[in-house]
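K.L.:
Here it is: the structure, laid out below.
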């Protein structure tokens, strides 16, 4: 973790970790709050004494939607499912849910994060994470 | 509670002496500047004692996006088209709450003593774009790295709240559709509404899915329109009108841009905090209100608004609309204008457009949709998925 600890607490670093198939959050050393997205300043106690923490990426689906009308870049994927997952470590994370038929998605489902590390060719060149059934 | 608002509990913060609203709808060939001029025209015509260029000391105008028209720097542009050059003009961007915030900035200008008379307003030109383009431009008011990047849209974000509300409280798709039916019923009475026709529950329920559980008739309209108000310090209002409306309460608050970081997915904390501030400055309670215009960008948003504004307990919003309490004739008519659902939602124009409707109601100018004897009303304006909210309380002056 030594190299990772020096990465700045930014969205850019978050997606750099995603490209390495890791789900990483910042943790405030002073108040213990887990910041997802990571950021340079704890919004609760204003400390900048932070550390990276790796999340297992498993959790329960708290809410979801099935998108039928999408912006141009997502229109070919419709209908697709996006949910908010409550991770076992505490924070929530939104993301697409793959490999489940939309009509079979239920609040409370156990899901786990997975990664699509293909990089887009133009800004922001971030890979994507998504969720699948545990 | 902030600064001078504390010292003014129960006192009018500012007076509305005139107001204007363009026709809302598909306004082909008209851009933001011409739409705003149309709203200004009405406000000037209502207020013949006002000399706009001489009297108006500042313009605060809400405008969400330069993407729609490839036009930024809209403050002076709109000042120019309203005939106010060289008056100072400031464009406010807080997503769909842009002109609710512009109204609040106008109140700040009056309360500071810097300006005796200001114009506040907002505008958006949207219908010349495709639905996919409009969806993309509107989504820019959500979090880019964690929401837009993962395919979330605005209907999608409110659908996440709807699913959570259904799960926790048993709110139904039928109850959400009832908001749409009610607001279309009201909008059919408003000659400036975008869609002046009623819809049946069956039609709303069977409309195509946009972002489950939200269907087409759960979504507000992509609309062109503009709105404005002329505010003065209360002491001079009667130089301009015999029927001023006082702004007696004002509140504004923020929340995280990303929905997943909020404490609660079934309520908008920013709206609750803004409402508490507005009620406190006004010295009134929800039960004192005769009418309200609330931010029904999606039907679930109106149900959540009832709860956040204290019209009912958390979780009871669906039942409140089902009982008919929020229809004209009910105990607290909500969105007599037709709301964003039927009047339309030209995003930058919405906040002051809501205040315009409250102004009409409190001055007995709402014609076929008049709530007789309405003395006090509230306007609730939300930006994005709830990262900004403003609440204003108005009373007959």
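K.L.:
Taking beta carbons within 10 Å but only from partner chains, what does the mean come to for residues B:250-260?
P.N.:
Mean partner shielding for this stretch: 2.
K.L.:
Kirkwood hydrodynamic radius, computed over distinct alpha-carbon pairs, for the protein assembly as shown: how many Å, to one decimal? Before the final figure, lay out the partial values.
P.N.:
On the way: mean 1/r = 0.0425 Å⁻¹.
Computed over the protein assembly as shown, the radius equals 23.5 Å.
K.L.:
Sticking with this one: Averaging sequence separations of C-alpha pairs under 8 Å and six or more residues apart, then dividing by the length of the stretch A:58-133, give the relative contact order as a whole percent. Provide the component values of the computation, followed by the final result.
P.N.:
Details: 144 pairs, mean separation 23.1, N = 76.
30 percent.
K.L.:
For the stretch B:149-203, state what percent of all Cα-Cα pairs lands in each successive 5 Å bin, counting from 0 Å until the bin that includes the largest distance.
P.N.:
5, 18, 18, 16, 18, 15, 8, 2, 0
K.L.:
Sorted from largest to smallest, which semi-axis lengths in Å does the alpha carbon gyration tensor of the stretch A:58-133 give for its equivalent ellipsoid, taking the root of 5 times each eigenvalue? The partial results should precede the final answer.
P.N.:
On the way: eigenvalues 90, 55, 20 Å².
Equivalent ellipsoid semi-axes, largest first: 21, 17, 10 Å.
K.L.:
Please build a GNM for chain B, connecting alpha carbons under 10 Å apart, and tell me which residue among B:85, B:248, B:107 fluctuates the most.
P.N.:
B:85
K.L.:
Please report the relative contact order for chain A, taking Cα pairs under 8 Å with a sequence separation of at least 6, and give it as a percent rounded to a whole number. Could the numbers behind the result be given before it?
P.N.:
Details: 265 pairs, mean separation 29.5, N = 134.
With pairs under 8 Å counted, the relative contact order is 22 percent.
K.L.:
I've got another one for you. Can you give the Rg to Rh ratio of the stretch B:241-397, both from alpha-carbon atoms, with Rh computed by the Kirkwood formula?
P.N.:
That ratio equals 0.94.
K.L.:
Within a 10 angstrom radius of each residue's Cβ in A:25-37, how many Cβ atoms of other chains show up on average? Whole number is fine.
P.N.:
Numbers: counts 0, 0, 0, 0, 0, 0, 0, 0, 0, 0, 1, 4, 6.
Across A:25-37, the average partner-chain Cβ count within 10 Å equals 1.
K.L.:
Go ahead and run the numbers for FRET between residue A:53 and residue A:121, Cβ-Cβ distance against an R0 of 22 Å, rounding to 0.05. Could you put the intermediate results ahead of the total?
P.N.:
Numbers: r = 31 Å, r/R0 = 1.43.
Result of the calculation: an efficiency of 0.10.
K.L.:
Also: Suppose R0 equals 25 Å. What FRET efficiency, 1/(1 + (r/R0)^6) with r the Cβ-Cβ distance, do residue B:71 and residue B:116 give to the nearest 0.05? Walk me through the intermediate numbers first.
P.N.:
Details: r = 31 Å, r/R0 = 1.23.
My answer for the efficiency is 0.20.
K.L.:
Additional query: What is the ratio of the Cα radius of gyration of the stretch B:323-372 to 2.2 N^0.38 Å, where N is its residue count, to two decimals? Walk me through the numbers on the way to the answer.
P.N.:
Values: Rg = 11.0 Å, N = 50, 2.2 N^0.38 = 9.7 Å.
Ratio of Rg to 2.2 N^0.38 Å for the stretch B:323-372: 1.13.
K.L.:
Would you calculate the convex hull of the Cα atoms in chain A and tell me its volume per residue in Å³? Mind showing how you got there, number by number?
P.N.:
Working: hull volume 16.3 nm³, N = 134.
That works out to 122 Å³ per residue.
K.L.:
Still on this model: Give me the Kirkwood hydrodynamic radius of the stretch B:197-258, using the inverse of the mean 1/r over all pairs of distinct Cα atoms, in Å to one decimal.
P.N.:
Numbers: mean 1/r = 0.0594 Å⁻¹.
16.8 Å is the Kirkwood radius here.
K.L.:
Kindly list the residues of the stretch B:49-83 that lie in the label zone of residue B:140, defined by a backbone N under 14 Å from the point 7 Å along the Cα-to-C-beta vector.
P.N.:
Label zone hits: B:63-74.
K.L.:
A further question on this structure: Within 10 Å, count the other beta carbons around each residue, average over each peptide in B:339-347, A:34-42, B:304-312, and list them highest first. Don't skip to the answer; put the middle values down first.
P.N.:
On the way: B:339-347: 31.9, A:34-42: 18.0, B:304-312: 24.2.
Top of the packing list down: B:339-347, B:304-312, A:34-42.
K.L.:
Right, here's the next one. Which three extents, in angstrom, do the Cα atoms of chain B have along their principal axes, listed largest first?
P.N.:
The Cα atoms of chain B stretch 54, 44, 39 Å along their principal axes.
K.L.:
How far is helix B:350-362 tilted off the main Cα axis of chain B, in degrees rounded to 10, range 0 to 90?
P.N.:
Its long axis makes an angle of about 70 degrees.
K.L.:
Using a Gaussian network model on chain B with a 10 Å cutoff between Cα atoms, which of B:15, B:301, B:204 fluctuates the most?
P.N.:
Of B:15, B:301, B:204, the Gaussian network model singles out B:204 as fluctuating most.
K.L.:
I need the Kirkwood Rh of the stretch B:1-122: take the reciprocal of the average 1/r across all distinct C-alpha pairs and report it in angstrom.
P.N.:
About 15.1 Å, per the Kirkwood formula over Cα pairs.
K.L.:
Return one quarter of the surface area of the convex hull spanned by the alpha-carbon atoms of the stretch A:2-55, equal to its mean projected area, in nm². Please report the intermediate quantities before stating the final value.
P.N.:
Numbers: hull surface 13.0 nm².
Hull-based average projected area comes out at 3.3 nm².
K.L.:
Expressed as a rounded percentage, what relative contact order does chain B have, with Cα pairs under 8 Å and six or more residues apart? Write out the running numbers ahead of the final one.
P.N.:
Values: 1016 pairs, mean separation 103.3, N = 397.
Here the relative contact order equals 26 percent.
K.L.:
Turning to a different aspect of this structure: Counting only other chains, what is the mean number of Cβ atoms within 10 angstrom of the Cβ of each residue in peptide B:137-150? Write down the numbers at each step before the final one.
P.N.:
On the way: counts 1, 1, 2, 1, 0, 0, 3, 2, 8, 7, 3, 3, 9, 12.
Neighbouring Cβ atoms belonging to other protein chains average 4 per residue here.
K.L.:
Also, I was wondering about something else. Mind checking the angle between helix B:269-282 and chain B's longest principal axis? C-alpha axes, 0 to 90 degrees, to the nearest 10.
P.N.:
40 degrees
K.L.:
Sticking with this one: Antiparallel as a % of all DSSP beta bridges within the protein assembly as shown, to the nearest 5? Mind dumping the intermediate values first?
P.N.:
On the way: 71 of 86 bridges.
Percent antiparallel among DSSP bridges in the protein assembly as shown is about 85.
K.L.:
Measure nothing but the geometry: give the 0 to 90° angle between the long axis through the Cα atoms of B:299-308 and the longest principal axis through the Cα atoms of chain B, rounded to 10°.
P.N.:
The angle comes out at about 70 degrees.
K.L.:
Ok, one more. To check my understanding: the extent here is largest minus smallest coordinate of the Cα atoms along each principal axis. What are those three numbers for the stretch B:285-352, in Å, largest first?
P.N.:
Principal extents (Cα only, largest first): 30, 21, 21 Å.
K.L.:
Next question, about the same structure. May I ask you to sort B:42, B:367, B:124 by Cβ crowding, counting other Cβ atoms within 10 Å and putting the fewest first?
P.N.:
Details: B:42 19, B:367 10, B:124 28.
Sorted ascending by nearby Cβ count, the order is B:367, B:42, B:124.
K.L.:
Can you compute the helix-only [θ] at 222 nm over the protein assembly as shown? Use -39500 (n - 2.57) per DSSP H run of at least 4 residues, normalise by all residues, nearest 500 deg cm²/dmol. Spell out each step's value before the answer.
P.N.:
On the way: 16 runs with 151 residues, N = 531.
Only helices count here, giving -8000 deg cm²/dmol.
K.L.:
How big is the Cα convex hull of the stretch B:247-305 in projection, averaged over all directions, in nm²?
P.N.:
Details: hull surface 18.3 nm².
Projected area, direction-averaged: 4.6 nm².
K.L.:
Here is a follow-up. Using 0.36 nm per residue, how much length does the chain from residue B:41 to residue B:372 gain when fully extended, once their Cα-Cα distance is taken away? Provide the component values of the computation, followed by the final result.
P.N.:
Numbers: separation 331, 0.36 × 331 = 119.16 nm, distance 2.74 nm.
Residue separation times 0.36 nm, minus the Cα-Cα distance, leaves 116.4 nm.
Each value in this text was obtained by applying a stated rule to the coordinates, not by laboratory testing. Here the structure is a predicted model, which means the values were calculated and not measured. So basically every Cβ, Gly included, is an ideal-geometry build from the backbone, and we count neighbours across all protein chains shown.
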